[in-house]
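What follows is a set of notes on a single structure, which appears directly below.
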Amino acid sequence: RTGHLEHSAHYASALAGYAQACYMAGRLQDAVSGYEHALSVIEECYGRNTDYYHTTAANLEAAKQALHKRMPSSHKTQESQEYQESQESLKSQHSPKSSESQQSSEPHYMAESGASSIPAISHHISGLALSRAFWNDLGKPLLAGAYSAYQGRIAAGLVGYGSECFGFDDEFSRDHDFAPRFCLWLTDEDYDAIGAQLQADYDVLSRDFTVDEQGKPHFAGHGSADSNALAASQSPLTPRAQGEFRRDGVFRIGDFFERITLFREAPAQNDYASWLSLDDATLATATNGQVFADPLGVFSKTRQGFKFMPEDVRLSLISRRLGMMAQAGQYNLPRMLQRDDGAAAMLSIHEFVNATASLVFLINEPVSVGYLPYYKWQFAAMRKLSHRMATRLAGVCEQLEDILRLSSAACFGGAGFGEGGKGAKPAAEHIIATVERICSDVVDELLREGLTESHETFVEWQRPYVEDHIKSDASCLHSL
């Protein structure tokens, strides 16, 4: 759960193993809960017609029978209630937005926004979960039918533009471009053969879905008849999600990545200038989301190529980020505060925060953690990374947020909080101290990784040490 890998088959294996241990220890309710959760993940990953599913289902039935035999008849009603409560507790633990969903069972929409609202859904459904259900219920049968000859060659998933591709969407994301959708990625040869017809067949798939009492979406009547189902329609599409900018449907693999990055595949490892032309947000968009199926492997290989940033490029970017951190945060910010130029000081904070956030992702290596997304989701991504096991510089996110909270008081004397000028000095001192603490933490991390031999905390002076590790003599990789 910490790594946000709840949709992985390995997660199902862990759940099933835990359930077996609970069964052997006599913790039968926990065993039943574990097996049921494992089954739901197995069905999501592989469907029901597999030995994996049937074996786990048999184990679940054995656990249920053992639990039923153990319960005295006088306690069965009470045990049944306790079991139901344990299931609800388990669901809340595995929901990424459990704390928010408990606060309010229905999303709130602002009438004054003018946005067309989606019918209220009693459970928040993430765009990725909705996409996966749409694929499982309607996408797979479509390919298995008219396109069975190509089924083993077509990749499916949800990657690219949209907050749902990052897993950061919530009920407020439904006011535009919200709809059940997935992408189908084909080789050039296959697209020429079936692309147009497959797109036409995709377009006529029903987008109407129901949500059962467990919050699971179902398409085309797959929900149970007695479920507390609610129909939902798609929100209006903005021009940026239509026509040549569409975000779902059928794509040539090369076209899909070219629309995002201007490259049909990742630049060569020695094409340093091309790699440096790709900013963090662009690379994040090209490598986010989930791939539901890729039997041929071409799409996944192409997507992964954008994660394999050349080491020399990574080191060059780390050096650049250190330069901006020193210039904006350690040098210009104190000077602008001394000059009482609040606007310039605020921009200095902005540059320092952006450079530091990017550096944190680069230090943790994009092939493992991806890239920093664009500004709207920058801190959502940093918080998620900070809670990941073994994250380097995990405490930096909280310190950056602390700086931003105090920035108005430091730069404008707290005028926005009715403080007049009295809040400026302590806030400014705290921000400057926090900047220095972050830079010190970064130097400690560079020392741990063997990227420097210096303890100098003015991070501009760390750049030559980092760049000494760049093997190429390409001028674009080195600072003056």
Practice problem: Taking the residues in the stretch 435-472 that are over 28 Å from S407 (Cα atoms) and hydrophobic (A, V, I, L, M, F, W, C) as candidates, determine which candidate is surrounded by the most Cβ atoms within 10 Å (Cβ to Cβ). | Solution: V466
Exercise. Grab the helices (runs of 4 or more DSSP H) fully contained in the stretch 238-347, keeping just those with 1 or more residues being over 24 Å from the mean Cα position of the chain (by Cα) and among the polar types (S, T, N, Q).
Key: 272-276, 311-324, 333-338
Practice problem: State whether one or more residues within the stretch 399-418 are at negative phi, in contact with a Lys or Arg (Cβ under 8 Å, 6 or more places away or on another chain) and modelled with pLDDT of 95 or more. | Solution: yes
Exercise. Quick one: A16 ticks every box in (1) in contact with a Ser or Thr (Cβ under 6 Å, 6 or more places away or on another chain); (2) modelled with pLDDT under 70 except a single one, so which number is it?
Key: (2)
Practice problem: Hey, can you tell me all the residues within the stretch 352-399 that are touching a residue at least 24 places away in the same chain (Cβ under 8 Å), small (G, A, S) and within 22 Å of Q290 (Cβ to Cβ)? | Solution: G370, A380, A381
Practice problem: Identify, from the list R303, R264, R314, the residue that is in contact with a Leu (Cβ under 8 Å, 6 or more places away or on another chain) and at pLDDT 95 or above. | Solution: R314
Practice problem: With respect to F361, determine if the residue is over 28 Å from the mean Cα position of the chain (by Cα) and not polar (S, T, N, Q). | Solution: no
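The values are calculated or read from the model by the stated rules, or taken from the named source; none is laboratory data. All of these numbers come straight from a predicted model, not from anything done at the bench. All Cβ positions, glycine included, derive from the backbone under ideal geometry; neighbour counts span all protein chains shown.
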